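Worksheet: the structure to be examined is printed underneath.
The values are calculated or read from the model by the stated rules, or taken from the named source; none is laboratory data. Remember, predicted model here, so these are calculated numbers, not experimental data. Cβ sites come from the backbone with ideal geometry, for glycine too, and all protein chains shown count toward neighbours. Note: areas computed on protein heavy atoms with side chains; ligands, DNA, RNA excluded. Shrake-Rupley method; radii C 1.70, N 1.55, O 1.52, S 1.80 Å.
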Amino acid sequence: MLNPQRSLSELPKMSAASQVERAVLEEEFNWLLKEEVHAVLKQLQDVLKEASRRFSMPTPGLESQLKQENFILGSSTMDQVKGVLTLQGEALTQADINLKVAKSSQVLHFQFREDKMWKLQQIQDARNHVNQALGLLGSRDESYHFKTGAEVNKLMDAVMLQLTRARNRLTTPASMTLPELATSGLMKMFTPPMPGDVMVNFYINLSKLCLTVYQLHVLPPNTTKNYRPAGSSVLHNPGAMFELNNNRFEVSQVHKVECVVPWLNDTLVFFTISLQLCQQLKDKVSVFSSFWNYRPF
């Protein structure tokens, strides 16, 4: 059984020990705010500059200096679709697509018109978010003194928000309806023009550049088939239906081919490292915050 007299007599000693501990922690916390926070910010800037460099954009008038990369898209299990795509930064500058029509074994060939290129909005958006994160980090140079943990957390939250948005743009392709796909500018970029029963789409999924080709057939006006228009999706399945210009269509075949873009994979790794650095700094701040909020006596 505890002796209440003893407990009361030891209270001043315990309080004194607590005050010493608090003083030590305050000194460590001030060091964290003054030194370690800036060391982490420098690490983050270095990592994100590498990520930004992967998205490298040409300066106006020097577009030809940006490296062009050719990617061969195909599948080992089917040969209905083959493609060679040329990626230059965020733009597809050339697309060469061969489509084998199942019924006739005829091979259709399409490529971008020479005056056309297709901007991949996902890459452009991800790059913009990285640059916004770099801007936030650059707004607190080494001479800036953080006064509170809350101020550090606020900056880390803002940086993490931009990095999460950048990563999400690469990991979550935009959903589109079939009529949106059929009327998109992409369909007007090819020579010879795409026939009315073929549609294509390009998108990024994680570190992969994806090409989807849809083959369609027109539903007869007097069809007894139950017509249900498909909603919005990244990838539509055979049997999906839609209406365009008073005609109803059904997707008869879907072909998807893809290939890995190595520098996109690098970028996703840089995002993960940066988010971890932000979270680790927030965790260190929370250790001190939990002590300030704890009142044992």
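Here are the numbers for this structure:
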| item | result |
| --- | --- |
| Any pair with Cβ under 8 angstrom, 6 or more apart, that starts in region 127-141 at a residue that is over 14 Å from residue 267 (Cβ atoms) and ends at one that is open to solvent by 30 Å² or more (accessible area, probe 1.4 Å) | 136/158; 137/45; 138/45 |
| Test: residue in region 184-195 that is closer than 21 Å to residue 94 by Cβ, in contact with a strand residue (DSSP E or B) (Cβ under 6 Å, 6 or more places away or on another chain) and either free of Cβ contacts under 8 Å to residues at least 24 places away in the same chain or open to solvent by 70 Å² or more (accessible area, probe 1.4 Å) (or both) | no |
| Residue 275 being modelled with pLDDT of 90 or more, farther than 26 Å from residue 98 by Cα and open to solvent by less than 50 Å² (accessible area, probe 1.4 Å) | yes |
| Meets criteria (open to solvent by 70 Å² or more (accessible area, probe 1.4 Å) and either within 21 Å of residue 91 (Cβ to Cβ) or not polar (S, T, N, Q) (or both)) for residue 179 | no |
| Which numbered condition residue 7 fails, given (1) at pLDDT 50 or above; (2) open to solvent by 40 Å² or more (accessible area, probe 1.4 Å) | (1) |
| Cβ-Cβ under 6 Å pairs, at least 6 apart or on other chains, region 219-237 side farther than 30 Å from residue 170 by Cα, far side acidic (Asp, Glu) | 219/250 |
| Filter result (in contact with a Phe, Trp or Tyr (Cβ under 9 Å, 6 or more places away or on another chain) and of a type in the set (A, V, I, L, M, F, W, C)) within region 105-163 | 110, 112, 118, 120, 123, 126, 130, 152, 155, 163 |
| Verdict on residue 151 being more than 25 Å from the chain's Cα centre (by Cα) and either modelled with pLDDT of 85 or more or loosely packed, with under 12 Cβ neighbours inside 10 Å (or both) | yes |
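Results for (1) of a type outside the set (Val, Ile, Thr); (2) farther than 30 Å from residue 254 by Cβ; (3) open to solvent by less than 30 Å² (accessible area, probe 1.4 Å); (4) modelled with pLDDT under 85, shown as yes or no for each residue.
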site: 15; (1), (2), (3), (4): yes, yes, no, yes
site: 23; (1), (2), (3), (4): yes, yes, no, yes
site: 27; (1), (2), (3), (4): yes, yes, no, yes
site: 56; (1), (2), (3), (4): yes, yes, no, yes
site: 73; (1), (2), (3), (4): yes, no, yes, yes
site: 76; (1), (2), (3), (4): yes, no, no, yes
site: 80; (1), (2), (3), (4): yes, no, no, yes
site: 102; (1), (2), (3), (4): yes, no, no, yes
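This table checks each residue for (1) open to solvent by 80 Å² or more (accessible area, probe 1.4 Å); (2) at pLDDT 90 or above.
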residue: 226; (1), (2): yes, no
residue: 231; (1), (2): no, yes
residue: 237; (1), (2): yes, yes
residue: 240; (1), (2): no, yes
residue: 243; (1), (2): yes, yes
residue: 246; (1), (2): yes, no
residue: 252; (1), (2): no, yes
residue: 264; (1), (2): no, yes
residue: 293; (1), (2): yes, no
